[in-house]
Each structure stands twice: as structure tokens, then as C-alpha cells.
Amino acid sequence: GLVATAYVVKYVLGGDHPGPGIPSTLHAISTRRGRVKRTWMFAPVITSVLSVGFGGSGGLEAPAMQAGAAMGSEVASQTRRHFRRRLLLIGCAAAGSLAAMFKAPVAAIVFAVEVIMIDLTASSLVPILLASLASLLTAFVFFEGEDILTVPTLAAFQASRLPWYIAMGVVTGLGSVIFSKLYLVSQLSITRFANARTRMVIAGGLIGASVALFPPLFGEGYEVINQLFLGYSDVLIQDVWMHEGSLTLPSLIGWLVLAACLKPMLTGFTVGAGGVAGIFAPALFSGALVGFAFALGINDFVDPTTMPIGNSVLAGLCGMMAGVLHAPLTAIFLATELSGGYGLFVPLMLTSAISFTTSRALKRHSIYTRELAERGELLTHDKDQAVLTLMNLKEELEQDFLPVQAHWNLGQLVEVVAQSQRNLHPVVDAEGRLLGIVDLQDIRQVMFDQSQYLTLRVVDLMTMPLAEVEWEDKMDDVMAKFENCGAWNLPVVEGGRYVGFVSRSRLFNAYRKWLKATSLD
């Protein structure tokens, strides 16, 4: 699968690897103004099918959403829609993909709000709702009776079981942190190998050995989850070197926990070696295993009827998804819609909320948003921060300031001032390094004294800027520098070399423009 994916990426896609689905889409929204590459309309689908279909560990949900987002972006480009409509179309496509796969339209809408960061307003809710509904109806027409996850009738909610759902929230919250760590560490360990063939050989060997030891780890794992809902533990040890009767309960629970830990590692190996797969399905898989193990342990320790296994599996995958994806509402509604009713809505809310709180306390950002947050490129529902993320320093750079040399005399400086429409002049050396600035207000008293034209030097008249903006500074850092120093114009440098100026007034105008562009109403 990894070899086939690498072949397609190199010879069919021209080296354009689609990357991880949701993070790549979020990156395109924040840094490319929602312009998703055209090749992503089909590349994620083809490569993910090859990666996962031939045994790679991971899910197909994120690549499908990435392909849908690319289609939404392309529609926006062809119809020349502005940013807010482009973002809305991307959200509609992502919601439609999730609704069709799980037949969970409400969860799909919430996912677009929680993860894709669509603002929940009247003008955005209706299109996303219609897209989700249309995808659901299409799925019913083409795949009637074929569900990825089939949840049987579960035991009714009892208030006496609330403490166990609370405990499940804590367990899955801690488990989601471990899941994320294992995924990232395993992915990083593979990407450290510079040679692509070496990465594929090592990752393929590790995945193959793990699947041989534990066949349920093959692919997405939805069939295993369906069996767990029914309470069948034999599916977990099928074709393994041990049979069900040889396992004690502690051994079985340990086997479940081991499998739950192996799943994110194998997904990390798959992605790190160049495969295309998402973490949506692995999170559900590990959560279901944790829920199954939790029920076995509690029922043996307390009473066989303490925690129904199906309920525990559903709560486990709900809590794990809330913690791993940092999407508690999506987890609640997805689990609720999968179960076919709202009978377990209250305990699922409790488990999801506690899991998310626990996970968020230990790791601030999810797998989807970690890298973007570290680079300062993450869009959030914080409108101010979202606008600053969309603003680009390079677009607001002003370069019509005429530079002067430090060794020039006053007469030469006056000649440049006469040609300039600006009050500021950067002082640079022969290599373009910024030495200081000359402000027209500071030299007004001497610039008309011709007796000093030959004796007074620019170096005697220049001052140091109150602050300097680095070429790679994020916009919130630039704004902070303006706020701290109180200047109206600041020089921009790259490696010490003068590039241009950025003005407070121009940034304010750009801020207003993007604030309007991101408001759907």
C-alpha cells in the first residue's frame, strides 16, 4: 500500500502529496485564504484507498473531507466567491462528507463548526444543513442498509451508572493524550529517516508484524467495533497464536489496552512513511477497545450488570473522539446518532465533557491543530485572532520609502527628501543593512541651513527606530510591537537587511477588511 501510494504521488500527481487531510485543509484556509489545491479533489481519495486498503492503519474520513473541501474551494474559485463564501463552501463539503459516511447529519454540522471553524450564524447554518441533508439522502439512495457502524439496541440509561460514565470520561481523556503522543512520536520516528524507501520498508515491516500478531489492527477497524458492540471478544483474538479459552480476564484486558495503544502507532507509521490516512477511525477504534476493557473490568470487580458492554463501547469511542479531536459536541452527536436515539444523551454529554476537559488540560491543541498553533497559523472562533491570522505582513508592506546612506552629507539628504513623498527615510549601509531612520520632523530646523550641507552627516541626524519588525513575524507580534512602542510606522527587516515599512493605519484598514470578510452576516 505504501509503495502504491508513493508511485501514484510521484508519477500521477507529480509529487504533490495531499498530506494529512484535516490539518492540510485547515492550513489552506489560514495561509492560502481557503484556496485548496485542485489535485486534492481526487488525490486524497485514491491515495488513502491504496494506503488503508492494503493494510495501512488509518481512516478514510479525513481524506474524503479533504477531497470535499477541495471541491468546495474549486466551486468558489469558478464562481468567484469571496473568502467568507469560500470558507462556507468548504464547511459544506466537509459536513457533507461526514454526514454521508456515518449517516449522522447533525454531527456533521457540528463538526464543521468545531473543527473547520465555521461561524454558526443564520447565513451559514442553512447551507451547511442542506449540504449535510443532501449528502445523507445520496448515501441512502446508493448505500441503503449499508452502515459503517451498526449499533444494536443498548440498555436504557440509569442514574446509578453516572459515576461509571464520569470515570469513563477521565479514562478516555487520559487515553486521548496517550493516543496523541503515540501517534506523533511514531510518525516522527519514521520521518527521521531521510530515504523514502527506508521509511517504507521500516514502517511496512512494523505494520505487517503488528497485524500478523493482532489481525484486528488491519485497516480501519469498523468491523471490530461492530463486534464489540455485541459483546463478542473472540473477534479480538481471531487467527492469533492464542485461543479465547487460554486468556484470563486480566490478560484479555491487557490485550485490549495494548491494541488500543498500537492503533495510533501504526497510524503514525503509515502517515510518516508517506501513506494517506486519517485519525478519525483509529480514535473510534481505540475508544471502543478502551470502553470494552472498562466494562469487562468493572463488571468483574463490582457486578456483571454494572456497566452494559454496548453502552461502555459507545461511551468509550465518544470520549476518545472528544479528547483526541478536541471536538466534544461532534463526539456527542455522532455517538447519539449512531445509537439511533437520545436515550444515552446525558451520559454521553458527561463522558465527552470530562474527556475533553482532561485532554485539554494536558495538551492545549489537538492533533489537527498542533502544528498550525505552533506556527501561529490557526484560525479559531476568536474573531480578533482569526483576523490577525488571515492578515499577511507581506501584503501590507510599503516600499516607497527612499533609503539614504549613513555617510551622506545633509545636502545629499535634502535632494532625496525633495524627491520623496514620505517623511521617513531608512538609513542603510552598502549591503542594505538597516542602521537607523531619518524623520523629516527631526531635521526640519537644519535642512534649510545651507551652511551645514557639506559638514553635517546623515549619521549625525539619524535615530534608532522604536522597534523593528522581522520579515517572518506573525501579525499578532507586529500588532504587539506597535502597541508597545506607540509608533505609526516601523521598519521591516529580513536578516538585518531593510525590506520596507509597515504602518499602523494600513494594518488597521486591512484588519477592518478581513473582519468584514470573515463575517457571514
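The values are calculated or read from the model by the stated rules, or taken from the named source; none is laboratory data. It should be emphasised that the depicted structure is a prediction, and the values quoted were computed from it without experimental measurement. In this analysis, Cβ positions are derived from the backbone assuming ideal geometry, glycine residues included, and neighbour counts consider all displayed protein chains.
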> Since Gly275 meets every condition but one in (1) assigned to a helix (DSSP H, G or I); (2) closer than 18 Å to Leu206 by Cβ, which condition does it not meet?
Replying inline: (1)
>> Conditions first: (1) loosely packed, with under 14 Cβ neighbours inside 10 Å; (2) in contact with a Phe, Trp or Tyr (Cβ under 9 Å, 6 or more places away or on another chain); (3) charged (D, E, K, R). Arg504 passes all but one, so which condition is the exception?
In response: (1)
> Regarding Ala6, is this residue buried (at least 20 other Cβ atoms within 10 Å of the Cβ) and modelled with pLDDT of 80 or more?
Replying inline: no
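Conditions tested, residue by residue: (1) of a type in the set (Val, Ile, Thr); (2) not in a helix (DSSP H, G or I).
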| residue | (1), (2) |
| --- | --- |
| Thr47 | yes, no |
| Gly56 | no, yes |
| Pro63 | no, no |
| Gln66 | no, no |
| Ala70 | no, no |
| Ser73 | no, no |
| Arg81 | no, yes |
| Ile90 | yes, no |
> Filter the range 20-38 for residues that are at pLDDT 80 or above and closer than 11 Å to Leu87 by Cα; which is nearest to the chain's Cα centre (by Cα)?
Replying inline: Leu26
> Does Thr25 satisfy the condition of being outside the structural domain of Ile367 (by TED's automatic domain parsing), touching a His at 6+ places or on another chain (Cβ under 9 Å) and crowded, with 16+ Cβ neighbours inside 10 Å?
Replying inline: no
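Whether any residue in the range 155-174 is closer than 21 Å to Ala62 by Cβ and crowded, with 19+ Cβ neighbours inside 10 Å is what I want to check. Spell out how you get there, then give the answer.
From the range 155-174, those closer than 21 Å to Ala62 by Cβ are 172; that's our starting set.
With the extra rule that they be crowded, with 19+ Cβ neighbours inside 10 Å, the set shrinks to 172.
There is at least one residue in the range 155-174 that is closer than 21 Å to Ala62 by Cβ and crowded, with 19+ Cβ neighbours inside 10 Å.
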> Restricted to the range 125-149, and to residues that are hydroxyl-bearing (Ser, Thr, Tyr) and surrounded by 16 or more Cβ atoms within 10 Å (Cβ to Cβ), which residue is nearest to Leu350 (Cα to Cα)?
Replying inline: Ser132
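Table: residues versus (1) in the same structural domain as Val224 (by TED's automatic domain parsing); (2) on the phi > 0 side of the Ramachandran plot; (3) among the β-branched types (Val, Ile, Thr).
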residue: Val9; (1), (2), (3): no, no, yes
residue: Gly21; (1), (2), (3): no, no, no
residue: Thr31; (1), (2), (3): no, no, yes
residue: Gly34; (1), (2), (3): no, yes, no
residue: Ile46; (1), (2), (3): no, no, yes
residue: Val49; (1), (2), (3): no, no, yes
residue: Gly59; (1), (2), (3): no, no, no
residue: Ala69; (1), (2), (3): no, no, no
residue: Glu74; (1), (2), (3): no, no, no
> What pairs come up if the first residue lies in the range 121-141 and is closer than 14 Å to Met101 by Cβ and in contact (Cβ under 8 Å) with a residue 12 or more places away in the chain, the second is outside any loop (DSSP other than H, G, I, E, B) and of a type in the set (Val, Ile, Thr), and their beta carbons are under 6 Å apart, counting only those six or more places apart or on different chains?
Replying inline: Ser132/Ile109
> Consider Lys10 against the criteria (1) touching a residue at least 60 places away in the same chain (Cβ under 8 Å); (2) of a type outside the set (S, T, N, Q); (3) part of a helix (DSSP H, G or I): it satisfies all of them except one. Which criterion is unmet?
Replying inline: (1)
>> Looking at the range 328-337, can you tell me whether even one residue there is touching a Phe, Trp or Tyr at 6+ places or on another chain (Cβ under 9 Å) and without any contact (Cβ under 8 Å) to a residue 12 or more places away in the chain?
In response: no
>> List the helices (runs of 4 or more DSSP H) inside the range 332-434, counting only whole elements, that have at least 3 residues being surrounded by 14 or more Cβ atoms within 10 Å (Cβ to Cβ), of a type in the set (Val, Ile, Thr) and at pLDDT 90 or above.
In response: 345-362
>> For a quick check of your reading of the model, give me the residue pairs whose first member lies in the range 202-218 and is closer than 23 Å to Thr191 by Cβ and not assigned by TED's automatic domain parsing to the domain that holds Ala281, whose second is surrounded by 15 or more Cβ atoms within 10 Å (Cβ to Cβ) and not small (Gly, Ala, Ser), with beta-carbon atoms closer than 6 Å and at least 6 apart or on different chains.
In response: none
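Condition first: modelled with pLDDT under 85, of a type outside the set (Ser, Thr, Tyr) and either buried (at least 23 other Cβ atoms within 10 Å of the Cβ) or out of contact with any Cys (no Cβ under 7 Å at 6 or more places or on another chain) (or both). Can you find one or more residues in the range 87-98 that meet it? Write out each step before concluding.
The initial filter retains those residues of the range 87-98 that are modelled with pLDDT under 85, namely 87.
Those left that are additionally of a type outside the set (Ser, Thr, Tyr): 87.
Next, only the ones that are either buried (at least 23 other Cβ atoms within 10 Å of the Cβ) or out of contact with any Cys (no Cβ under 7 Å at 6 or more places or on another chain) (or both) stay: 87.
So far as the range 87-98 goes, yes, one or more of its residues are modelled with pLDDT under 85, of a type outside the set (Ser, Thr, Tyr) and either buried (at least 23 other Cβ atoms within 10 Å of the Cβ) or out of contact with any Cys (no Cβ under 7 Å at 6 or more places or on another chain) (or both).
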